[in-house]
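Student: Handing you this structure, nothing more for now.
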Amino acid sequence: ALEELSTRLPGLAEAMEPENPGMHTTDTVDIDVVISGEVVLELDDGSEVQLKAGDCVIQNGTRHAWRNRTNEPVVIFVALLGAERKNP
C-alpha cells in the first residue's frame with residue numbers, strides 16, 4: 001500500500017504523522033468537495049467538522065485528518081494546488 005501511495009501521490013506519505021495516524025500537513029491549498037457519504041474533518045486543535053455530500057472545504061496548509069466513522073464509503077473530490085509556506 002505504501003508503494004502505491006508513493007507512486008500515485010508522491011510526497012503524501014512523508015507528510016503523514018506516524019504518532020498521530022491520519023494527521024498530516026502539506027504545503028498546498030486544498031479544495032475538497034464531498035461527493036457522497038459523510039466524513040469528519042479533524043483539525044489541528046482537535047475540533048471536528050462533519051461533512052456531507054455537497055459540502056466544500058478550502059484549506060491553506062492546515063494540519064488535519066479525514067475520519068470516516070460510518071460503514072459507508074465516502075467519495076471526496078480533492079484538488080491540491082502547490083504553495084510555499086511562509087514563516088512569519
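Student: What tally of residues in segment 37-47 results from selecting those that are exposed (fewer than 13 other Cβ atoms within 10 Å of the Cβ) and in contact (Cβ under 8 Å) with a residue 12 or more places away in the chain? Break it down stepwise before answering.
Tutor: Residues of segment 37-47 that are exposed (fewer than 13 other Cβ atoms within 10 Å of the Cβ), as a first pass: 44-47.
Now narrow it down to the ones that are in contact (Cβ under 8 Å) with a residue 12 or more places away in the chain: 44.
Residues that pass the stated criteria total 1.
Student: Taking only segment 28-40 into account, find how many residues are at pLDDT 95 or above and under 24 Å from residue 84 (Cβ atoms). Walk me through how you get there before you give the answer.
Tutor: Here is the first cut: in segment 28-40, the residues at pLDDT 95 or above are 31-40.
Then drop every residue that is not under 24 Å from residue 84 (Cβ atoms), which leaves 31-32.
Of the residues in segment 28-40, 2 are at pLDDT 95 or above and under 24 Å from residue 84 (Cβ atoms).
Student: Look through segment 9-36, keep the residues that are open to solvent by less than 60 Å² (accessible area, probe 1.4 Å) and acidic (Asp, Glu), and return whichever of them is nearest to residue 75 (Cα to Cα).
Tutor: 32
Student: Which is of a type outside the set (A, V, I, L, M, F, W, C) and touching an Asp or Glu at 6+ places or on another chain (Cβ under 9 Å), of 44, 55? Full working, then the answer.
Tutor: On the way: 44 fails: touching an Asp or Glu at 6+ places or on another chain (Cβ under 9 Å).
Exactly one residue qualifies, and that residue is 55.
Student: Right, another one. Checking residue 61 against (1) in contact (Cβ under 8 Å) with a residue 12 or more places away in the chain; (2) on the phi > 0 side of the Ramachandran plot; (3) surrounded by fewer than 13 Cβ atoms within 10 Å (Cβ to Cβ), only one condition comes out false. Which one?
Tutor: The failed condition is (3).
Student: Could you grab me the full set of residues in segment 46-67 that are at pLDDT 95 or above, within 19 Å of residue 35 (Cβ to Cβ) and of a type in the set (S, T, N, Q)?
Tutor: Of everything in segment 46-67, just one residue is at pLDDT 95 or above, within 19 Å of residue 35 (Cβ to Cβ) and of a type in the set (S, T, N, Q), namely 50.
The values are calculated or read from the model by the stated rules, or taken from the named source; none is laboratory data. These figures come from a predicted structure and were not determined experimentally. FYI the Cβ positions are ideal-geometry reconstructions off the backbone, even for glycines, and counts take in every protein chain you see. Each accessible area value is taken on the protein alone, full model and side chains, heavy atoms only, with ligands, DNA and RNA left out. Shrake-Rupley method; radii C 1.70, N 1.55, O 1.52, S 1.80 Å.
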